[in-house]
Amino acid sequence: MRAVKDQHFLIDERAVRRIVGLIDVRDRVVLEIGPGSGALTRALLDSGALVRAVEIDAGLVEELGLIFADEIEEGRLEVICGDAVRCDLPPFELVVSNLPYSASSRITFRLLDAGFEEAVLMYQAEFAQRMVAPAGTPDCGRLSIMIQTTCCVERCFDLSPQCFSPRPQVRSTVVRIVPRGPIFQISDRQLYADVVRALFSHRRKTVRNCLRNSRGILRGEDVELMLSALPEEILSSRPEALYLEDFATITNVARQ
């Protein structure tokens, strides 16, 4: 397999087995984004999964078509040429993927919007650390809040650069994500997402100033309601110091 920009092929068979062993894929429809050399694809198929793989590189799609010709003919594998950030995704139940580092955030948000039963995803270690960072700590951000609002997130294990070809310059981390309902009541899910985005667009400012500078994200009337109804304790805090319940409170005061 030839190298593709921003793609590091997983070549460590033990790592592949550990990843697939984290989730029961037998007779389930699994989405794999960025199959690359097909190592995870093979392991998923051998474990009884029906795999729907999305690969951005047409040359790799052709190579995968040759390697897995029998599985494609049998209907156990479909390889789609497309950019997972924007192309139509096939129907799926589970996700198992080694995500491209540069598109990890955009793809993760898209998967959350699409919905899934369970996901095992590989990220750059630093990105994964931010994902699991608790609300109210300096490392938390938009991704941390949005994932932890509706999902249980478990950091499973790290992988060294030696597990890939070509070798990346950073360590990677495998994360398991299981959706669940929000911990706190949220009156408007879309407004909640917009509030989180608006606040972390200016994370070093106070909540008051973040809301005042949220033009283009939040409606003016919603901002006025928030500024008039929220307690000073929240308005004078920075977004990274807020807890999940605080983000729900900010949203709910505009939808009472």
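For every helix of n ≥ 4 consecutive DSSP H residues, a contribution of -39,500 (n - 2.57) applies; sum these over the chain, divide by its total residues, and give [θ] at 222 nm rounded to the nearest 500 deg cm²/dmol.
-11000 deg cm²/dmol
Which of 92, 39, 217 sits closest to the plus end of the dipole of the chain, meaning its Cα is farthest towards the positive end, when Lys and Arg get +1 and Asp and Glu get -1 on the C-beta?
Toward the positive end, the furthest listed residue is 217.
Sorted from fewest to most neighbouring beta carbons within 10 Å, what does the list 226, 146 look like?
146, 226
Apply the Karplus curve 6.51 cos²θ - 1.76 cosθ + 1.60, θ = phi - 60°, to the phi angles in region 192-204 and return the couplings in whole Hz, x for Gly and Pro.
Ordered by residue, 3J(HN,Hα) equals 4, 4, 5, 4, 4, 4, 5, 5, 7, 6, 9, 5, 8 Hz.
Work out the length of the dipole vector of the chain about its Cα centre, built from +1 on the beta-carbon of each Lys and Arg and -1 on the beta-carbon of each Asp and Glu, and round it to the nearest 20 debye.
Rounded to the nearest 20 debye, it is 1040 debye.
Set Lys and Arg Cβ to +1 and Asp and Glu Cβ to -1, take the dipole of the chain about its Cα centre, and tell me which of 146, 230, 254 lies farthest positive.
230
For the chain, what relative contact order do you get, as a whole percent, if you take Cα pairs closer than 8 Å and at least 6 residues apart?
Once divided by the residue count of the chain, the mean separation gives 16 percent.
Fewest to most neighbouring Cβ within 10 Å: what's the order for 207, 61?
Ranked by crowding around the Cβ, least crowded first: 61, 207.
Read-outs: derived from the displayed coordinates by stated rules, not from any lab. Here the structure is a predicted model, which means the values were calculated and not measured. Using ideal geometry, Cβ is built from the backbone for each residue, glycine included, and neighbour counts are taken over all protein chains shown.
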